[in-house]
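Worksheet: the structure to be examined is printed underneath.
The numbers here are math on the coordinates, done by the rules we state, and not lab data. Computed from a predicted structure; not experimentally measured. Because the Cβ atoms are built from the backbone with ideal geometry, glycine has one as well, and the counts that use them run over all protein chains shown.
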Amino acid sequence: MTDSSLPRSNSSESEAPLLAKHLPSLDSTLERCIGTLGWAQFLQAILVSFAWLFDAQQTFISIFTDVDPTWHCTRSDDELCNSAPNPCGLPRSSWSWDNPLRSSIVSEWNLACSGPIIAGLPGSSFFIGCLAGGLVLATLADSSLGRKNMLVLSCMIMSVAAASTVFSPNVWVYSFFRFVSGFGRATIGTAALVLSSELVGKRWRGQVGIIGFFYFTIGFLSLPAIAYLTNGSSWRILYLWTSIPSICYCVLIHFLLHESPRWLLVRGRKEEAIQTLRSIGSRTESSITYSFSRLPIGDDDTCNNNNVDLFSAMKILLGKSWSRRRLSAVMTVGFGIGMVYYGMPLGVGNLAFNLYLSVTFNALSELPSSLITFFLIGKLNRRSSLLIFTMVSGICSVTCVVIGSSWKELQIGLELVSFFSACTAFNVVMIYTLELFPTSVRNSALSIVRQALVFGGVFSPVLVAVGRKMKDEFLSYGVFGLVIGCCGLFVAFLPETKGGTLCDTMDEQEYKETLAASDGGSLSAWGQLC
């Protein structure tokens, strides 16, 4: 409902500050209705964030299912076999795998000598599926489906594809199912992060967003435990253990989760938004209804301007010069982070260290990363922290190659520091992206940045396979370090968002940028409109 007492102007730029002055903003109204973090909101955030656990399992499951298994010579006096670096070219009767054939796809389908492209195909197919899924599904959470339905759909596609993987007769069908699993998985993290963040006020937004990272760590950490318990069994068992609980979770959240009140309001569905706030908010029903009766949403063309369909959010993002610059810079940073984040765990098999311990240590390193982000996200400058973590990760990754395997304890230590820094940078860049774009395109922007992270992961399995084949760690860890170090420099092109508030439309965000520029970029100007 608009205020008739407001003066009219032919200039849309002059109307923005007047509206901000005389009418309550969507952000401020939601802040009052949501209040402090209550039990209902906390439980919703926990339930939403649980999706990250299954996301982590399907992302890193190939570490164990696609592992290059160890082998031994069947005769101790066979000099040709004992001097061979791998079983390729040896008579099949002269050597044998240490574990049963079915324990890995490499031994079951005889992929040990098939070349790095075929060996890395399933892993790359998963990440290519993530890219395709991000392009197709990214804007649905901002347009027709919403955050909740997008989360349910993505998680279900990933889970069913993972369960279907057990029926793969060869590497080609297996790679196809991995592609479909990655396709569905593409928007799980973004939908869960945006939904959990929009269910709470800005005071707890950063901390609630980090809950998902904790669950991702738990999911990653559960893999070596499940793999160890099923050691010697078929790799198909690992897929069943991870996919069936995920399918049950999808059914559960369909009935228990609430949709984001922000998204409902932006779409003009005020009654549904009020009903959601009654369920999770801390204020009374009458005060919530009164607060939203003063908002110009659902009574004019405001919501119609946000009725974006598939890919229109992408067009909106690319239609503004400030948005294009911002998106390009954060995507470049994400590409470098993604190459290390997804590549490091896949490459630990190349190091002279126990595979189960290496994966466990990598998974455990995500825990302090999430803790640091959880407790310090309110104090960390986004730009400087991203620059520091990407530089440290790059330096440690290159140093890991320089010292070689003769210092295997120091080498694994440097690898862990590099992975820890990449994990923390991953967490920060996700929160940073949330703050860089308004509600109407936030999920789409976050999905695009996540695709840049995944795009870095597309190259990781092939680089790891080439490094293993060529016995040259620089082709994996050396390249990882150089890429993340160079890409991290692009944070210089991004604005600082620490302490800022969230806008809901592109016009509000653009006015906010203009206001900040005219005020010298101070944070006080950044929060005046939104």
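Quick rundown of the values:
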{"quantity": "Inter-label distance for TRP407 and SER279, nm, one decimal - labels placed 7 Å from Cα along Cα-to-Cβ", "calculated": "5.6"}
{"quantity": "Within the stretch 337-480: Cβ-based charge dipole about Cα centre, in debye rounded to nearest 20 (Lys, Arg +1; Asp, Glu -1)", "calculated": "240"}
{"quantity": "Mean Cβ neighbour count within 10 Å, used as a protection proxy, ranking 154-164, 486-496 highest first", "calculated": "154-164, 486-496"}
{"quantity": "Residues TYR432, TYR477 arranged by fewest to most Cβ contacts within 10 Å", "calculated": "TYR432, TYR477"}
{"quantity": "Per-residue Cβ neighbour rank within 10 angstrom, fewest leading, THR242, THR424, THR187", "calculated": "THR242, THR424, THR187"}
{"quantity": "Cα→Cβ-extended label distance, 7 Å offset, between ASN231 and SER328, nm", "calculated": "5.1"}
{"quantity": "Gained length - LEU357 relative to ILE46, 0.36 nm times residue gap less alpha-carbon distance", "calculated": "109.1 nm"}
{"quantity": "The stretch 312-498 - Rg (one decimal) and Dmax (whole number), Cα, Å", "calculated": "16.7, 54"}
{"quantity": "Virtual paramagnetic centre 7 Å along Cα→Cβ of LYS315, amide N under 12 Å, in the stretch 414-453", "calculated": "none"}
{"quantity": "Order of VAL464, VAL152 under a 10 Å beta carbon neighbour criterion, fewest first", "calculated": "VAL152, VAL464"}
{"quantity": "Stretchable slack from ALA132 to SER114, in nm (0.36 nm times residue separation minus alpha-carbon distance)", "calculated": "3.8 nm"}
{"quantity": "Label point distance in nm, LEU90-LYS379, each placed 7 Å from Cα along Cα→Cβ", "calculated": "5.6"}
